[in-house]
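Reviewing the structure listed below.
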């Protein structure tokens with residue numbers, strides 16, 4: 001008997017899925033446990049294996065299209081079996097729902113401007129147009145007439161290429177002015193592109209909006225002298241087989257600081273506060289469609305080289321869309337590092353259910369006074385975003401002081417465990 005295969009819920013936050021690829025086509029025989037399709041969730045693209053056996057009679061979601069969790073993904077049955085009765089049993093609104101969803105992506109390609117747009121077409125110097133046909137403000141027309149300037153030779157800087165007063169005032173009659181159409185890469189016609197929102201981007205938008213507008217954020221910024229950390233890193237990388245990054249030091253130091261300040265390693269649960277005894281640090285990883293936060297579990301118990309290897313593996317899996325739910329769930333604190341992109345400092349939105357997130361900037365050489373002498377110092381700025389329902393200013397400040405102490409004296413970190 002024919003059976004409906006429904007869109008599975010492949011993560012806790014998944015509400016709908018996109019079929020990235022079908023590995024079977026209508027008429028193919030499918031065995032239990034066999035790979036049928038790849039489904040894009042809000043976090044990654046995951047393989048979907050069939051729990052049923054039979055012939056693929058019907059595909060309910062085409063590649064690139066989406067369906068809600070429990071929506072009709074496909075129908076399996078015996079070869080030649082009539083499956084239409086199953087579709088008719090579904091409530092009337094259900095079959096109609098996929099129609100607009102299927103039509104929406106079709107509107108995604110470049111949409112041309114309305115019919116009125118040609119009015120903004122550029123007028124070149126060689127065009128036989130008269131001043132009356134040029135888009136110009138009344139004041140610009142009067143000023144051009146007083147000066148005896150041909151408006152067709154002026155490139156307008158106003159809306160839609162409109163010539164305004166300043167264009168006439170700046171115009172030099174003896175100079176050659178290229179028409180917009182002659183300028184390399186110039187856009188002379190209004191147009192735009194609309195991109196369908198991916199499941200990942202929808203989830204990022206929803207979760208961060210909830211965080212920003214629900215949790216009362218406040219921010220604490222501190223400068224950290226990274227000279228000793230840089231020396232330690234250089235020494236380690238000179239002898240160890242693994243290349244340790246500054247971010248590895250930050251993760252290790254943050255984990256050690258969290259052990260001393262458990263309130264920062266907490267979550268707000270409406271009627272109670274959960275203080276986590278374990279330390280699972282989420283590390284923000286940028287991918288093409290947004291941001292993923294794989295988790296380094298029990299980070300305070302891991303060595304720098306273990307942290308380095310784990311973060312590298314997660315980053316590659318994130319780019320390949322191979323992260324599994326177990327990789328991104330269970331964070332108790334999050335670190336977002338944009339230092340490698342030349343960002344000096346920034347503030348980050350708290351990643352639920354965490355109470356805090358640490359934004360890490362780049363390391364810059366700045367003048368400093370050490371032992372009464374002016375010298376250079378490698379300084380890194382970090383900003384702690386705190387949920388004021390859980391963490392107060394003093395609590396957050398003390399955490400940063402401890403973090404600063406570990407990074408400015410990395411021997412304290414290395415003394416806790418091997419490299």
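Of note:
- Among the residues of this structure, residue 369 does not count as one that is assigned by TED's automatic domain parsing to the domain that holds residue 278, crowded, with 23+ Cβ neighbours inside 10 Å and not in a loop (DSSP other than H, G, I, E, B).
- Failed criterion for residue 255 (all others in (1) surrounded by fewer than 19 Cβ atoms within 10 Å (Cβ to Cβ); (2) closer than 26 Å to residue 298 by Cβ hold): (1)
- The requirement of being within 23 Å of residue 18 (Cβ to Cβ) and either modelled with pLDDT of 85 or more or in a loop (DSSP other than H, G, I, E, B) (or both) is not satisfied by residue 94.
- Set 264, 293, 250, 283: member being touching a residue at least 40 places away in the same chain (Cβ under 8 Å) and over 18 Å from residue 340 (Cβ atoms): 264
- Among the residues of the range 196-212, those that are under 27 Å from residue 350 (Cβ atoms) and touching a residue at least 12 places away in the same chain (Cβ under 8 Å) comprise 198, 199, 200, 201, 202, 203, 204, 207, 208, 210, 211, 212.
- Those residues of the range 245-264 which are under 13 Å from residue 403 (Cα atoms) and part of a loop (DSSP other than H, G, I, E, B), in sequence order: 261
- Subset tally (residues that are crowded, with 19+ Cβ neighbours inside 10 Å and part of a loop (DSSP other than H, G, I, E, B)) for the range 49-82: 4
The values are calculated or read from the model by the stated rules, or taken from the named source; none is laboratory data. As the structure is a computational prediction, the values presented were derived from the model and not from experiment. So basically every Cβ, Gly included, is an ideal-geometry build from the backbone, and we count neighbours across all protein chains shown.
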